[in-house]
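Since every read-out is calculated from the coordinates, none of them should be taken as a lab result. Predicted model only: the values in this text are computed from it and were never measured. All Cβ positions, even for glycine, are placed from backbone atoms using ideal geometry, and neighbour counts span all protein chains on display.
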Amino acid sequence: MEKDPDVKKMMEDIRLHGPAAVEKHIANEELMVKMGRVSDGSLLAGPIPESIAAGIAKERSGTGDARRELRRRRQQLARQTASEEKKIAKQEQFERQRACEDAEAWEAMKREMQAMDHKS
């Protein structure tokens, strides 16, 4: 770890300035990719291709992904809300229909009872 000048510089800055320095260095995507390779021992294996490093940096940075994830969650919430509202409306319609049918059945039963009373 101490062989890489960027990592060495970062470690010294963190030793001197503490948490404020950590926050500053976390924003450095290239350095965070190096730290990932140092932690898994692959820094000694040599440099990785730029395309892979860029992909790793993008994965770890998360800035664009966070916005996309937030948008996805908002859309999902909107779909769930719309679905729930649709279910509620459907249930209310069913209950209105059933109340109407019950009232009609009650009226029909009363007519039948009156007709039976008149026959007797």
Task: FRET E, pair residue 90, residue 118, Förster distance 35 Å, beta-carbon r, rounded to 0.05 - done: 0.25
Open item on the list: Can you return the lysines within cross-link range of residue 110? Criterion is Cα-Cα under 21 Å, with same-chain partners fewer than 8 residues away left out.
Closed with: 119
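Net charge near residue 97, counting Lys/Arg +1 and Asp/Glu -1 over other residues with Cβ under 11 Å of its Cβ?
For residues surrounding residue 97, the net value is -2.
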TODO: Any lysines with Cα under 28 Å of the residue 24 Cα? List them, leaving off those in the same chain fewer than 8 positions away.
DONE: 3, 8, 9, 34, 58
